[in-house]
Each structure stands twice: as structure tokens, then as C-alpha cells.
Amino acid sequence: MRTVLLFFTWTFVYNAVWSQSCTIPQPLTKEQKEMVRGEWHGHYELNAVKTAFTVSIDFDDDSNLAEISNPPLKGNVSHEEYRFCGAGAFHFKKVVPGGFFEFDGVPQGSSMDGTLVVLVGDVKKTGKFSLEKKGASH
């Protein structure tokens, strides 16, 4: 019984530490930037509607840039965040007046699948997305 209790305690602490370590954006490493750099094509699904979109990611010494066609929330972007979490998930978040949207996916070679969160006021919607890297060999 004691072993089971210790296991669950350790699991809880481990998950809490890893999830909290991702909440504060850290500068991306060169390897992380290379992993996601490029032109990505795919779709996201929100409210049972599939929308085609592209993401162009370009990181250089002076700036970070992720341009998104057909964003799930329109408006002038006032803030952006890019980060990798302990489990390898890449997050990119864009804040616009009245809300934000955030893509969270694990890049695996030339593909990235994950979740989408859109917040408008107090209304939070979640969906899924799937992307393939343009020009990558399969």
C-alpha cells in the first residue's frame, strides 16, 4: 500500500512540475527552432468545421515569426508566445483584442498533430489540428 501511495505522489509531483515548467516561455534553443522552421500546411477543426491553413515559421537572431493563414480568431496580434514543453510539445499562441488562440502539437519529422484552444471573452473552445511540412521527404 505504501508503495502505491508513493507512486501516485511521485506521479502527481512529476506532472505538476512539468506542466508548470511550460507555463513560463523560455527562449527556444537552436535545435528547437530548426525542428519547427519552415512552411506547414494542413487543417484545424473547431466546432465540427474543418479549415485549411498554413503556418510559416521563421526564427532568426532578431525575431521569432509564425505567420498563420486563416487564423481561428481574427484581429491585430498584440502578443505572441512560442515555447517547447518537457514532453516535446511546441506551443504557439497569439493574443488579439478580446481573446487568444494557441496551437499545441508535437513535431514528429515532417508532421505535427495537436490541439487548438480559442478563448473569446469567457468562452473557451477546443479543437484539433494536423500539419505537414512542405518540401519534407516522407
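The values are calculated or read from the model by the stated rules, or taken from the named source; none is laboratory data. As the structure is a computational prediction, the values presented were derived from the model and not from experiment. In this analysis, Cβ positions are derived from the backbone assuming ideal geometry, glycine residues included, and neighbour counts consider all displayed protein chains. Heavy atoms of the whole protein, side chains included, go into the accessibility calculation; ligands, DNA and RNA do not. Shrake-Rupley method; radii C 1.70, N 1.55, O 1.52, S 1.80 Å.
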Counting only residues 5 or more apart in sequence or on a different chain, those whose built amide H sits under 5 Å from that of THR54 are SER69
Inter-part distance where the stretch 32-76 and the stretch 105-123 are each reduced to a Cα centre, Å: 10
Could you order GLU81, GLU45 so the one with the most accessible surface comes first? Probe is 1.4 Å. GLU45, GLU81
Using the Karplus equation 6.51 cos²θ - 1.76 cosθ + 1.60 (θ = phi - 60°), what ³J(HN,Hα) coupling, rounded to whole Hz, does each residue of the stretch 113-128 give in order, writing x for Gly and Pro? 10, x, 10, 10, 10, 10, 10, 10, x, 9, 9, 10, 10, 10, x, 10
Can you tell me which of 105-118, 122-135 comes out highest on packing, and rank the rest after it, using the mean Cβ neighbours within 10 Å? 105-118, 122-135
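What's the magnitude of the charge dipole for the stretch 63-138 around its Cα centre, counting Lys and Arg as +1 and Asp and Glu as -1 at the beta-carbon? Answer in Debye, nearest 20.
Values: 9 positive and 8 negative charges, 21 e Å.
So the dipole magnitude of the stretch 63-138 works out to roughly 100 debye.
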